[in-house]
1. Of the residues 109, 101, which single one is surrounded by fewer than 13 Cβ atoms within 10 Å (Cβ to Cβ), among the hydrophobic types (A, V, I, L, M, F, W, C) and in contact (Cβ under 8 Å) with a residue 40 or more places away in the chain?
2. Which residue pairs have Cβ atoms closer than 7 Å, lie 6 or more positions apart in sequence or on different chains, and pair a first residue in segment 78-90 that is in contact (Cβ under 8 Å) with a residue 40 or more places away in the chain with a second residue that is in a helix (DSSP H, G or I)?
3. Can you work out which of the residues in segment 44-82 that are more than 15 Å from the chain's Cα centre (by Cα) and hydrophobic (A, V, I, L, M, F, W, C) is farthest from residue 146 (Cα to Cα)?
4. So residue 107 clears everything in (1) assigned to a helix (DSSP H, G or I); (2) touching a Lys or Arg at 6+ places or on another chain (Cβ under 7 Å) except one condition, right? Which one?
5. Which residue, of 32, 64, 18, is touching an Asp or Glu at 6+ places or on another chain (Cβ under 9 Å), surrounded by 17 or more Cβ atoms within 10 Å (Cβ to Cβ) and at pLDDT 95 or above?
6. Among the residues of segment 38-59, which ones are free of Cβ contacts under 8 Å to residues at least 24 places away in the same chain and closer than 18 Å to residue 92 by Cβ?
7. So the check is Cβ under 9 Å with 6+ separation or different chains; which pairs have a first residue in segment 1-15 that's of a type outside the set (Asp, Glu) and a second one that's assigned to a loop (DSSP other than H, G, I, E, B)?
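The values are calculated or read from the model by the stated rules, or taken from the named source; none is laboratory data. Only a predicted model underlies this, so the values are computations on that prediction, with no experimental measurement involved. With ideal geometry, Cβ positions are generated from the backbone for all residues, glycine too; neighbour counts draw on all protein chains shown.
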Amino acid sequence: MTIEQLIEIAKEAGFTTVSEMDPATINLREDVRAMCADNTCKIYGRNWTCPPACGTLEECRARVAKYHRGIIVQTTGELEDSMDFEGMTEIGRRHKENFAALTPRVREAFPDTLPLSAGGCTVCKTCTYPDEPCRAPQLAFSSMEGYGMLVSEACKANGVPYYYGTNTLTYVGCYLLD
């Protein structure tokens, strides 16, 4: 499968924007990774795909360094206003659903892909971390932020808009391919 074919499949999967990504543009930052330790999302230390279980920043850098191509996928939606939490939740749900559905298709064509999305993996209702191994390693995906990526910076470095105007919200993911 070519990158162009993968982009078309991702668009058909429901993403609003899909573009090529150069993994060499990825900058994994300590300050972004440190935000995870603040545990605002309540997942830190509770999920195989989030810090600390996803590895140190150095381990994440080593993983990312082996990839030479990729795609960025975005789900953008409109909000009634800046306090439209129901709309925010719906856009996030759509993004995670599309990402979870696309991941097995990408892995079929690119078995060693590294899927990274918005927030931690939600494939399982409850993660087995740290007591048992991951139930679904072929479906699981880590967070772009958990890896230390400033998402807006990754988009900008690849010529992809991140902000689409007032009362919009965009969730972002990527697939790194060897």
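1. Matching residue, one of 109, 101: 101.
2. 79/87; 79/88; 80/87
3. Within segment 44-82, the match that is farthest from residue 146 (Cα to Cα) is 79.
4. Going through the list (1) assigned to a helix (DSSP H, G or I); (2) touching a Lys or Arg at 6+ places or on another chain (Cβ under 7 Å), residue 107 breaks only (2).
5. Residue meeting the stated conditions: 18.
6. Scanning segment 38-59 gives 40, 42.
7. Within 9 Å, the pairs are 1/110; 6/110; 9/1.
Conditions (1) at pLDDT below 90; (2) aromatic (Phe, Trp, Tyr); (3) touching a strand residue (DSSP E or B) at 6+ places or on another chain (Cβ under 6 Å); (4) closer than 19 Å to residue 59 by Cα, marked per residue:
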{"site": "92", "(1), (2), (3), (4)": "no, no, yes, no"}
{"site": "97", "(1), (2), (3), (4)": "no, no, no, no"}
{"site": "131", "(1), (2), (3), (4)": "no, no, no, no"}
{"site": "140", "(1), (2), (3), (4)": "yes, no, no, yes"}
{"site": "144", "(1), (2), (3), (4)": "no, no, yes, yes"}
{"site": "156", "(1), (2), (3), (4)": "no, no, no, no"}
{"site": "160", "(1), (2), (3), (4)": "no, no, yes, no"}
{"site": "163", "(1), (2), (3), (4)": "no, yes, no, no"}
{"site": "173", "(1), (2), (3), (4)": "no, no, yes, no"}
